[in-house]
Amino acid sequence: MTDEQLKQLKEELKAQLKSIEGRLEHKEEFETSELSNYDNHPADNATDLYDQERGMAMDHLKEEEHEDILAALKAIEEGTYGKCAVCGKDIPFERLEALPTTLTCIDHADHSLDFESRPAEEDFLGSSTDRPVKPEDNRIRDYDNSFGDVESFGSSDGPQDQPGEDSENFYKDDKTDDDNEL
């Protein structure tokens, strides 16, 4: 690698560092969209939770990127940048140009992808029915009326959300015999 190429990569890393530090300073705080979750639709709560989790994941990725940039700049200052940290061979300029934060040659790069591990929630969450879905079956069946079970605890259209309503007559048809004669 020439001195000009090293200078180019160092400037690019410094620009990336400035950019990532600016993004790290700007933290987006997601708050729930309602003052109370009492009357919030479950989908709204799920959207809020998704936004919070996505923000946390993005923060984590930014922090990792920041650490990688700092490590690459430190390697430049120590004179080890462009040499594989494992075997000591020169890293091709094309690889450094494509991935300036790399400290290893392609042979020692982490090629492993984890296709086996599953989310931790699966260790705790079981099937929602007493007849779990078989792995070879691509259809999901709800053998029980899960919605009915959940709705029995209340919904946003129940008498508990209608002040002054008589809960016994809430679901009865409002039409009278006089209305049917018209």
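Might you let me know whether region 71-86 holds any residue that is over 20 Å from K10 (Cα atoms), open to solvent by 90 Å² or more (accessible area, probe 1.4 Å), in a helix (DSSP H, G or I) and modelled with pLDDT of 80 or more? No, region 71-86 contains no residue that is over 20 Å from K10 (Cα atoms), open to solvent by 90 Å² or more (accessible area, probe 1.4 Å), in a helix (DSSP H, G or I) and modelled with pLDDT of 80 or more. Listed by first and then second residue, the pairs with beta-carbon distance under 7 Å, at least 6 apart or on different chains, first residue in region 92-110 and outside any loop (DSSP other than H, G, I, E, B) and among the charged types (D, E, K, R), second open to solvent by less than 30 Å² (accessible area, probe 1.4 Å) and modelled with pLDDT of 90 or more, are R95/T102. If you go through region 93-129 and keep only what is over 18 Å from E4 (Cα atoms), among the acidic types (D, E) and either open to solvent by less than 80 Å² (accessible area, probe 1.4 Å) or modelled with pLDDT of 75 or more (or both), you end up with D107, D110, E116.
The values are calculated or read from the model by the stated rules, or taken from the named source; none is laboratory data. Because the structure is predicted, anything quoted here is derived from the model rather than measured. Heads up, the Cβs are rebuilt from the backbone with ideal geometry, glycines too, and the neighbour counts pull from every protein chain shown. Surface areas here come from the heavy atoms of the whole protein model, side chains and all, with no ligands, DNA or RNA. Shrake-Rupley method; radii C 1.70, N 1.55, O 1.52, S 1.80 Å.
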